Structures are given as C-alpha cells and as structure tokens.
Amino acid sequence: MTTPVQNESKPTLNKSLSVFDGITILVGITIGAGIFSAPQVIAGLMDSFSSIFWLWILVGVFIFIGGLIYAELGTRLPETGGEYVYINRAFGPFASFIFGWSQFIIIRTSPLAGLAIVTVNYLTYFIELTGFARTVVSLAIIAMIGSLNYIGIHRASIYQRLSTLIKVGGLFFLVVVGLILGFDRESLLGTTATPTGTLGPIGNTVAALMMVVFAFTGFERVGYSAGEMKNPMRTIPLTMFFGITLIVVIYVLANFLYHQTLGMEGVRNSTIVASDVATLLLGPIGAGFIALIVMISTTGSMNGTFMTATRVYYAMARDGIFFKWLDHIHPTHRTPSRAIIIHCIWGAVILLVRGSFEDIMAGMVFAVLIFYAANAIALFKFRREGIGVEGGYRMPLYPILPAIYLIGIAMLVILRAIFEWQNSLADLAFIASGLPFWLIWRKRPKP
C-alpha cells in the first residue's frame, strides 16, 4: 500500500495516546458485556465448572499469543487503521476492503447496538422504561458516545480511562468481597449438570469456545489508533502484554465467583449472573452497584469501539476504496468526524432492525476469527519479505507460536461451520455483501 502524500494544509490526527491510554482502550473495549452475558450461556453447554475453567484458560493463552502477533504487526506498520493496514499490505486492496466492509456492516457496529441495549437493560434497575422508551434511550446513548468522540480523541480517552478504572475496580471489588463473604458459605464449584445444548459434546464445546472468544474480542483493535499514539513502537507491545494479562485474571476470578456462589444450575438459569451474585452476597445495594458497573462497562466498550473502528473507515476512504466523504479530519477537533457519524448511523439502524442483544451479536465471532487468521498469515509474509519497520518488537518463539495460533483458529472455524453450517453461511453472506460496492470503488482512481 502506498502511503498517501499528505497535504500540509490538511489537518492531521492528534498524537496524544500513551501506554496507559492503550491499556485502557484494550481493557475498555474487551471488558464490555461478555463477562456479564457469556457465562450463563457457556454453563448451558458444559457439564462442570472444571471444564469451563479450562476453556477460559485455553482461550486466554490463545488470545495472549494473538496479542503478541498484533504487537509485532502494530510496530511494523504503526499507521492508523490497524488490521486494515496489515491486510492491505499483505494481500492487497480487495482483501483489505472486505475486512473494512465487514467491520462496518457487522463486526464493530453490531456490538455498538448490542451494548446500548445491555446498558438500557441495567438502567431499568433504577428507572422503569417502556419498550419504546428503551429504544429511544438506546439510540440516545449511541449518539452521546458518538458526540464525545466527535469533539476529540483526548476527551474520549479521558472517559476511556475513567470507565476502565471503574469497571476493573468494580469487578475486582465484587470478586474480592464476594470470595470473602462467601468463605463461610457452601462452595458450589463441584456441582455438575447435564448440558442443555443440542450439538453434542464436540459441537457444544465449539459453541462454548465461540462465546469465550466473544468475551475476549477487542484486543486486536489497539493498533487502529496507532497514528494517534505518542510512541506506537513502545505503546502497542506494552499495551498487549499488560492489558491481556489483566483481562485473563479478571475473567477467571469472575467465573470462579459466579460458580462458587450459584453453582452450575444457578449460573445457567441466570440472565444477569453478576447482579444475581451481588444480590445474594450484598443484597439490593450490591445489585444496584453491579448494575452501575455494567452500565459503565458497556458504555466504555462502546467508546473504545468509536476510538478504533472509525479509523478503519477513514483509512479505507483515504485509500479510495470506501465512501470518499469519510476521508476527512475535522479541522478543529482533529478527529475522523464523518467516520464517527456513519458509525453512529449504522449502529442505530442495526439496533432498530434486529432489536435484541442475542440477534445482534450472532455470528460476529465467526467473522472475527476469519480475520484473526488473515492477520496471522500476514505476519509470516512480513517476516519473510521484510515488510514494515525493522528493529521494533518481534514476538518470541516465531514461527511456533503463530503457527499454533493459526491452527487453533482454523480448527474452530471449520468445526463451527460443520456443527452450525446455516449460521455460518449467513455470516459469510454478510461479509460477501460488500462485493457489489468493491466492483464500483475499484474502478475509481486511487490517491
């Protein structure tokens, strides 16, 4: 990909993000609704906490390897756009367009809508809302977070820091206090239950793994804001190492508390597992506390998505393979303001059309895994051909670790396609929906 010639009079992105900002972006995006919505689904697919525990550890190790891969990719090509830039350099404009289109059409805008719905669900703990009012408030939350990002990356990063500190502190508080208060209670970690999933042992395990991966999605987006980092060569690797480690610890401890307090059946039958645990241990005050933490967590995740995914749309437009209108930096706020607007609009459309959290989030992980694999292959290509900046971070145990990572992704994608072939075809159809637009945009002269 040829680096565009910069117009000296054209505004540029503001380089203000530090290592701490990078960690808050990674943790803020990743810890969204997954740890509050995935455990109960996973409990229905497995038969014991021990099997669930090892799934979280396995995926945690898998994601950590992925973080090392993305750390090297981000320092080799420290440009705004992250994965879009890596795929473009490795496979060309068509592949990068399909990636960016998928981000826009399903992967990043779907969570925006889904997280707004989860935020409103927990808001109803404090305020009673009708069905219509829930939709209006959900749309207002999208607009509010979008406006925060529109007026400046610095202001958005302040909220990202604040929301991340609150959610991490709140989850640690719940886990620590919960384990202390539950010390004298009978532990339910050893309880078992027959899986309610209907896909068989292998199919249920694959479905559970997809849910665990869903809870970890977000780590890969740190590189999207590389162009706004003070020193991406240092910031990206440190962010990946400390951020992913922190998330794995939080997730394992939270699941330990859930199952110790509620047991397999209790977790499985809960719709708001964290609040149910808090209610049991701390009473109504605890439930209100968790409801507030979840709201901050979900809006922080939405904010982190605005800070990262919108940069992909901007990068695509800059390269002439997306709406040219999006190749714009606000002259005052120095943000990709039009990309932020379209992210808001499409997220609102998805919310209105699909309606429920489960429907909105369906299939996102399948598409994400395909692009995880593409980026792992890109690393092999960059190493072999010497593409990008040399002398930066280089992941250890190459090529063994990225090969293990790639094999794991391939197995999960293939098994999911076998056991849930109809849903997999629907997910692929979303990705392929960009082909007509590519046929139009590829004929345009490139910058």
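Filtering segment 264-285 down to residues that are among the small types (Gly, Ala, Ser) and touching a residue at least 24 places away in the same chain (Cβ under 8 Å), which residue is nearest to Phe126 (Cα to Cα)?
Pass one, segment 264-285, residues among the small types (Gly, Ala, Ser): 266, 270, 274-275, 278, 283.
Adding the requirement that they be touching a residue at least 24 places away in the same chain (Cβ under 8 Å) leaves 266, 270, 274-275, 278.
Working: Gly266: 24, Ser270: 20, Ala274: 16, Ser275: 13, Ala278: 16 Å.
The extreme case among them is Ser275.
Show the residue pairs meeting these rules: Cβ distance below 9 Å; 6+ apart or different chains; first residue within segment 422-443 and more than 19 Å from Tyr313 (Cβ to Cβ); second residue surrounded by 11 or more Cβ atoms within 10 Å (Cβ to Cβ) and among the basic types (Lys, Arg).
Cβ pairs passing all conditions: Asn423/Arg416; Ser424/Arg416.
Of the residues Ser157, Ser138, which is of a type in the set (S, T, N, Q), surrounded by 24 or more Cβ atoms within 10 Å (Cβ to Cβ) and within 17 Å of Ala348 (Cβ to Cβ)? Walk me through how you get there before you give the answer.
On the way: Ser157 fails: within 17 Å of Ala348 (Cβ to Cβ).
Going through Ser157, Ser138 in turn, the sole match is Ser138.
Taking segment 19-75 as the region of interest, how many residues are among the β-branched types (Val, Ile, Thr) and under 30 Å from Phe380 (Cβ atoms)? Can you show your working first?
Here is the first cut: in segment 19-75, the ones among the β-branched types (Val, Ile, Thr) are 19, 23-25, 27, 29-31, 35, 41-42, 52, 57, 59, 61, 63, 65, 69, 75.
If we keep only those that are under 30 Å from Phe380 (Cβ atoms) as well, we get 19, 23, 25, 27, 29-30, 57, 59, 61, 63, 65, 69, 75.
Qualifying residue count for the region: 13.
Given the conditions (1) among the small types (Gly, Ala, Ser); (2) in contact with a His (Cβ under 6 Å, 6 or more places away or on another chain); (3) surrounded by 24 or more Cβ atoms within 10 Å (Cβ to Cβ), which single one is not true for Ser337?
All conditions pass for Ser337, except number (3).
Taking segment 271-290 as the region of interest, how many residues are small (Gly, Ala, Ser) and at pLDDT 85 or above? Let's see the steps before the verdict.
Applying the first criterion (small (Gly, Ala, Ser)) to segment 271-290 yields 274-275, 278, 283, 286-288.
Now restrict to residues that are at pLDDT 85 or above: 278, 283, 288.
Result for segment 271-290: 3.
Test of understanding: among Ile117, Ile127, Ile145, Ile166, which residue is modelled with pLDDT of 80 or more, exposed (fewer than 15 other Cβ atoms within 10 Å of the Cβ) and either more than 20 Å from the chain's Cα centre (by Cα) or in a helix (DSSP H, G or I) (or both)?
Values: Ile117 fails: exposed (fewer than 15 other Cβ atoms within 10 Å of the Cβ); Ile145 fails: exposed (fewer than 15 other Cβ atoms within 10 Å of the Cβ); Ile166 fails: exposed (fewer than 15 other Cβ atoms within 10 Å of the Cβ).
Unique residue meeting the criteria: Ile127.
Given the criterion more than 16 Å from Val176 (Cα to Cα) and part of a helix (DSSP H, G or I), identify the matching residue among Leu292, Leu246, Leu253. Break it down stepwise before answering.
Numbers: Leu246 fails: more than 16 Å from Val176 (Cα to Cα); Leu253 fails: more than 16 Å from Val176 (Cα to Cα).
Result of the check over Leu292, Leu246, Leu253: Leu292.
The values are calculated or read from the model by the stated rules, or taken from the named source; none is laboratory data. All values derive from a computational prediction rather than experimental measurement. Ideal geometry is used to build each Cβ from the backbone, glycine not excepted, and the neighbour counts take in all protein chains shown.
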